[in-house]
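**Q** Before we start, here is the structure in question, set down as structure tokens.
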Amino acid sequence: MEGISVVPVEALLSKRVQEMVQNGEEPPPPYVCRDDESAQNVPSASSLLPIIDFKLLFSPTKQKEELQKLRSALSCWGCFQAINHGTSSTLLDKVRQVAREFFEQPMEQKKIISKGVEEFEGYGADPAPEEGQSLDWSDRLCLDVYPEDRRKPSLWPENPSSFRDVLEEYTVKMREATNLISRAIAKSLDLEEKCFMSQFGEQALLQIRFNYYSCCTRPDLVLGLKPHADGSGYTIILQDDVEGLQVHHDGKWFTVPTISHALLVLMGDQMEIMTNGIFKSPVHRVLANSERERISVAMFYTPEPNKEIGPEQGLVNEEQPKLFMKVKDYADTHWKYYQRGMRAIHVARV
Ligand SMILES: O=C(O)CCC(=O)C(=O)O
Ligand SMILES: [Fe+2]
């Protein structure tokens, strides 16, 4: 990434990636983050990522095996595809549909809810990264959805007209899903079922990010999203039918298959801390695509602000000494490092 010129903030502010594509522009330097050679060096396999059936996880007769599968998925990969997770396919399709309709609107319509360059919430790109860092070939709409008093209704799209109702319904279902996921993770580690839920706290945050990855004439030069690990507790990702998300595992990139009724559950750094390093927060990235645009919807589940979290006592012993300290508002620290293209988890190490 050397030799990249300083990103002019006005350029970030004034233009969406989607606009550049509509104008037939090639990716300008701040977006170019790799060369042909590194693009070709992408061994990828897709069928290995574990699928966890939540119906089995809570079935008295089948649960043992499925819990073991969950534990192994999270210790090897740090993520899994969840099926029978309690959110209907109809709702998942509606979420994809309103997201698509939102991004397909004319630019002026979307710009009504544009974010400022240093803000997180609203329509646009991430706040400007540090000098020398590349930009992602994507546009996004970020919104705080829970707790309700953190919502900024003026940033919730009015079009398509069903957007708000669908988002409201999806938020309720994702709250239920976090409940199931946190309990299942605890059980898979032989811990008290509610231990992670109480670390997250009643007022744990849900923040949604609708990602729109425009087609790119030079997918070999850019990335839809640069390699990173999430600063959340964990993240629940809904994909459309276009592949692009890759998880780094055993020194290779693995493409996450698209399964229409599945949700990808991916550990963030804070879950790595709470599980004392047993479950890893995986590095992941999104490739650009020359033929089809891609939409994904990421729901970040993050412990309540100001709440201290740390390794579960039951996971600390002589064989597995404590690897992490207690931390508070870790997502803020994570963000500062992210802007420099770095991971942050070392700051929490003992
Ligand atoms: O687009 C995706 O599938 C992944 C998105 C993601 O990793 C993120 O928003 O942090
Ligand atoms: Fe991510």
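**Q** Here are some residues: 226, 307. Which one is of a type in the set (Lys, Arg) and away from ligand 1 (no atom under 14 Å from the Cβ)?
**A** One residue alone meets the criteria, 307.
**Q** Moving to a separate point now. Restricting to segment 273-284, what's the tally of residues that are out of contact with any Gly (no Cβ under 8 Å at 6 or more places or on another chain) and either within 16 Å of ligand 2 (Cβ to nearest atom) or not in a loop (DSSP other than H, G, I, E, B) (or both)? Walk me through it before giving the result.
**A** Of segment 273-284, the ones out of contact with any Gly (no Cβ under 8 Å at 6 or more places or on another chain) are 275-278, 283-284.
Keeping just the survivors that are either within 16 Å of ligand 2 (Cβ to nearest atom) or not in a loop (DSSP other than H, G, I, E, B) (or both) gives 283-284.
Looking only at that region, the number is 2.
**Q** For segment 194-217, indicate whether the set of residues that are in contact with a Pro (Cβ under 9 Å, 6 or more places away or on another chain), farther than 21 Å from residue 329 by Cβ and open to solvent by less than 30 Å² (accessible area, probe 1.4 Å) is non-empty.
**A** From segment 194-217, those in contact with a Pro (Cβ under 9 Å, 6 or more places away or on another chain) are 199-206, 216-217; that's our starting set.
The next check asks that each one be farther than 21 Å from residue 329 by Cβ; those that pass are 216-217.
Subsequent filtering for residues that are open to solvent by less than 30 Å² (accessible area, probe 1.4 Å) retains 216.
Yes, segment 194-217 contains a residue that is in contact with a Pro (Cβ under 9 Å, 6 or more places away or on another chain), farther than 21 Å from residue 329 by Cβ and open to solvent by less than 30 Å² (accessible area, probe 1.4 Å).
**Q** Here is a follow-up. Where residues in segment 176-185 are touching a residue at least 24 places away in the same chain (Cβ under 8 Å) and of a type outside the set (Ser, Thr, Tyr), which of them is most open to solvent (accessible area, probe 1.4 Å)? Steps first, answer last, please.
**A** We begin by selecting, within segment 176-185, every residue touching a residue at least 24 places away in the same chain (Cβ under 8 Å); these are 176-178, 180-181, 184-185.
Checking which are of a type outside the set (Ser, Thr, Tyr) leaves us with 176-177, 180-181, 184-185.
Working: 176: 92, 177: 5, 180: 47, 181: 9, 184: 2, 185: 1 Å².
Taking the candidates together, the pick is 176.
**Q** Does residue 141 count as assigned to a loop (DSSP other than H, G, I, E, B) and either of a type in the set (Phe, Trp, Tyr) or buried (at least 21 other Cβ atoms within 10 Å of the Cβ) (or both)?
**A** no
**Q** Considering only segment 243-262, I want to know if a residue exists there that is within 16 Å of ligand 1 (Cβ to nearest atom), of a type in the set (Asp, Glu) and open to solvent by 10 Å² or more (accessible area, probe 1.4 Å).
**A** yes
A quick yes/no check of all residues on (1) at pLDDT 95 or above; (2) within 16 Å of ligand 2 (Cβ to nearest atom); (3) assigned to a loop (DSSP other than H, G, I, E, B):
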site	(1), (2), (3)
231	yes, yes, yes
241	yes, no, yes
270	yes, yes, no
286	yes, yes, no
304	yes, no, yes
314	yes, no, no
320	no, no, yes
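**Q** Quick one: which of 68, 63 is of a type outside the set (D, E, K, R), open to solvent by 80 Å² or more (accessible area, probe 1.4 Å) and at pLDDT 95 or above?
**A** Values: 63 fails: open to solvent by 80 Å² or more (accessible area, probe 1.4 Å).
68 is the lone residue from the list that is of a type outside the set (D, E, K, R), open to solvent by 80 Å² or more (accessible area, probe 1.4 Å) and at pLDDT 95 or above.
The values are calculated or read from the model by the stated rules, or taken from the named source; none is laboratory data. Keep in mind that what you see is a predicted model, and the values were worked out from it rather than measured. With ideal geometry, Cβ positions are generated from the backbone for all residues, glycine too; neighbour counts draw on all protein chains shown. The accessibility values were calculated without ligands, DNA or RNA, using every heavy atom of the protein model including side chains. Shrake-Rupley method; radii C 1.70, N 1.55, O 1.52, S 1.80 Å.
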